[in-house]
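Written out below as structure tokens is the structure these notes cover.
The values are calculated or read from the model by the stated rules, or taken from the named source; none is laboratory data. Values in this document were obtained by computation on a predicted structure and should not be read as measured data. Quick reminder, even Gly has a Cβ in these numbers, built from the backbone with ideal geometry, and neighbours come from all protein chains shown.
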Amino acid sequence: MAADGITAAPATGNRRGAATRRRILDAADACFERDGLDLTLDQVAREAGTTRMTVHRHTGGREALVRQVTLRAFGGVVAEVAVVLDGDGPFAERLPAAMAEAVRRIRSTPHLLALLAPSNTSGWWDVDPDERVLGDVRTFVRPYFDQAAARGELREDAARSVEWVMHQLLLYLALPHVADDALVADELRRFVGPALVVD
């Protein structure tokens, strides 16, 4: 799966409609970055220079719009992680480095980190109740784990390894005060490789 596959959005029927949709999504990105989940269709319409009805028609409403901007924001993180995973070196080194990059990027993006905060009552599970975003992330990383498994590098099967990695990432993101980025990178380097990868 391409790194940008996580950001895919439904196509519109013509160029003008596609340009309007892009303008609305760009405006929604700006509102999401500024206001997080408090963004409204009216704010997005003002930012895009259009009407609330046009925003609704092109996005499917507020809930669908929040999902789309969340997917787009996480798509940027996935693209950076792909650079690390596609790099040189053994999987036991690339994987912890990719995980550290994901933590660093999300932590440096307050509106994304806020979605995962345990104190956020309308956070991640409201945005992604069917785990579409997490499912897309799993789908994106799974081939890397399948390749490592085929080379005999994983201690467990690829699916279980992916789930464990996802849980570790979510813990670091849900509890950002526990370890700074340097400590996260060091812990991941020390423990992820030995836990998942055969010597």
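The set of residues in the range 144-169 being among the aliphatic types (A, V, I, L, M) and surrounded by fewer than 14 Cβ atoms within 10 Å (Cβ to Cβ) consists of Ala150, Ala159. Would you check if Pro110 is within 30 Å of Gly152 (Cα to Cα) and either modelled with pLDDT of 85 or more or not hydrophobic (A, V, I, L, M, F, W, C) (or both)? Considered against the rule, which asks whether it is within 30 Å of Gly152 (Cα to Cα) and either modelled with pLDDT of 85 or more or not hydrophobic (A, V, I, L, M, F, W, C) (or both), Pro110 comes out as no. Among the residues of the range 151-175, the ones that are hydrophobic (A, V, I, L, M, F, W, C) and in contact (Cβ under 8 Å) with a residue 60 or more places away in the chain come to 3 in all.
Restricting to the range 36-57, name every residue that is assigned to a helix (DSSP H, G or I), of a type outside the set (Lys, Arg) and free of Cβ contacts under 8 Å to residues at least 60 places away in the same chain. Across the range 36-57, the qualifying residues are Asp38, Leu41, Asp42, Gln43, Val44, Ala45, Glu47, Ala48, Met53, Thr54, Val55, His56. Taking Ala79 as the residue in question, decide whether it is within 18 Å of Val192 (Cα to Cα), touching a helix residue (DSSP H, G or I) at 6+ places or on another chain (Cβ under 9 Å), modelled with pLDDT of 85 or more and not charged (D, E, K, R). Answer is no for this residue.
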